[in-house]
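Read through the structure below, which is laid out as structure tokens, and then see the notes.
A short reminder: the numbers here are calculations on the coordinates, not readings from a lab. What you are looking at is a predicted structure, and each value in this text was computed from that prediction instead of being measured. Neighbour counts are summed over all protein chains in view; Cβ atoms, including those assigned to glycine, are modelled from backbone coordinates with ideal geometry.
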Amino acid sequence: MIQVSAPAKLNLSLRVVRRREDGFHELDTLMIRLPGLADTLEFREAEAFAFSCSDPTVPGDESNLVVKAIRAWEAAAGRKAECHAHLEKHVPHGAGLGGGSSDAASALAAVNEMHGTPLSLERLIEIAGSFGSDIPFFLMPGAVRCTGRGEVLEPAPCPPALPVLLLKPGFGVATPDAYKRWKDSQPLPGVRYDAQVFSWGELVNDLERPVFEKHRFLAEVKEWLLDRPEVAGALMSGSGSTMLAVLHDLASADTVAEAARAELDPGLWSWAGLTDGGVPA
């Protein structure tokens, strides 16, 4: 039996450069992990591959990214995966936190290990990029700068461990829709989109413009966070709908989360912890 952790990710910066001829978008993004917020995948030997999940709303058919990962591994390795994969879901989906992509990457690595490591890490990264632009990131350690459509990976200096608070409303955001609306979207008056610069890097997200235009509540959450004295910076993670706040002190996270639920939305999901990075900032 193999048990692996599939951590969430944050895009500290996400620049959309252009729409490519193949329909994808050219990106330049810095991604890091949230080791304290993770799904868990458990693999047990079995006569044939099977998949199950703790969350009944997660599809268990061939559309699931874990199942896609296993099928892609089988095709590349030229053999059947003889295991049962069970996913314990903790990272919300439709959140811009990469939960499904992380699950897929962890599944690729785990099934490869279970079957004697027939494929190299480089081959796994290549396979991962064939069915998900941000899946290869989760096969790399540390902070990674991702370019191309997200599949071109370059190790990057890792910011210090940042105290962060995540807030997510009850709705999700469809990533394809966010990119589709990017080119023609307009900024909302009074909303701060400019890069927030720190000693370790910057917070900026070009997808805020199209997503905020459609989901104005997320713009309201960002502005509310930026006005809080406990918050050093705030940003939408990925394509949303999670909003992240970099805090001056992690101890203030509960206070900010409770105030957000009282003033903005009583149903807000929240999580607080440190980003992957070592010594706290």
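Given their separation in residues at 0.36 nm each and the Cα-Cα distance between them, Asp61 and Thr255 gain 65.8 nm when the chain is fully extended. The length gained on full extension between Arg79 and Arg149, counted as 0.36 nm times the residue separation minus their Cα-Cα distance, comes to 22.2 nm.
If you fit an axis through the alpha-carbon atoms of helix 99-114 and take the longest principal axis of the Cα set of the chain, what angle between them do you get, 0 to 90°, nearest 10? With rounding to tens, the tilt is 30 degrees.
Roughly how many whole Å is it from the C-alpha centroid of segment 210-266 to that of segment 1-79? Between the Cα centre of segment 210-266 and that of segment 1-79, the gap is 26 Å. Karplus-based coupling profile of segment 127-137, in residue order and whole Hz: 4, 4, x, 6, 9, x, 5, 9, 5, x, 3, with θ = phi - 60° in 6.51 cos²θ - 1.76 cosθ + 1.60 and x standing for Gly or Pro.
Taking other Cβ within 10 Å of each residue's Cβ, how do Trp182, Trp200 sort, fewest first?
On the way: Trp182 18, Trp200 14.
Final ranking by Cβ density, sparse to dense: Trp200, Trp182.
Exposure proxy check: Leu268, Leu41 ranked by fewest other beta carbons within 10 Å? Walk me through the numbers on the way to the answer.
On the way: Leu268 18, Leu41 25.
Ordered from fewest to most neighbouring Cβ atoms within 10 Å, Leu268, Leu41 come out as Leu268, Leu41.
For a straight C-alpha distance cut-off of 19 angstrom, the lysines reachable from Lys180 (same-chain residues fewer than eight places away being disregarded) are Lys214. Partners of Lys89 within straight-line reach, counting lysines whose Cα lies under 26 Å from its Cα and excluding those fewer than 8 residues away in the same chain: Lys9, Lys68, Lys80, Lys168.
Phi-derived couplings, Karplus 6.51 cos²θ - 1.76 cosθ + 1.60 at θ = phi - 60°, listed residue by residue for segment 76-89: 6, 7, x, 8, 8, 7, 9, 7, 10, 9, 10, 10, 9, 8 Hz, with x used for Gly and Pro. Taking Cα extents along the principal axes in Å as the quantity of interest, determine which of [x] 59, 37, 36; [y] 87, 44, 32; [z] 57, 42, 35 was computed from the displayed structure. Correct label is [z]. Each residue in Tyr179, Tyr193 was given a count of other beta-carbon atoms within 10 angstrom of its own, and listing them fewest first yields Tyr193, Tyr179.
Charging the Cβ of each Asp and Glu at -1 and of each Lys and Arg at +1, and nothing else, the dipole of the chain about its Cα centre rounds to 520 debye.
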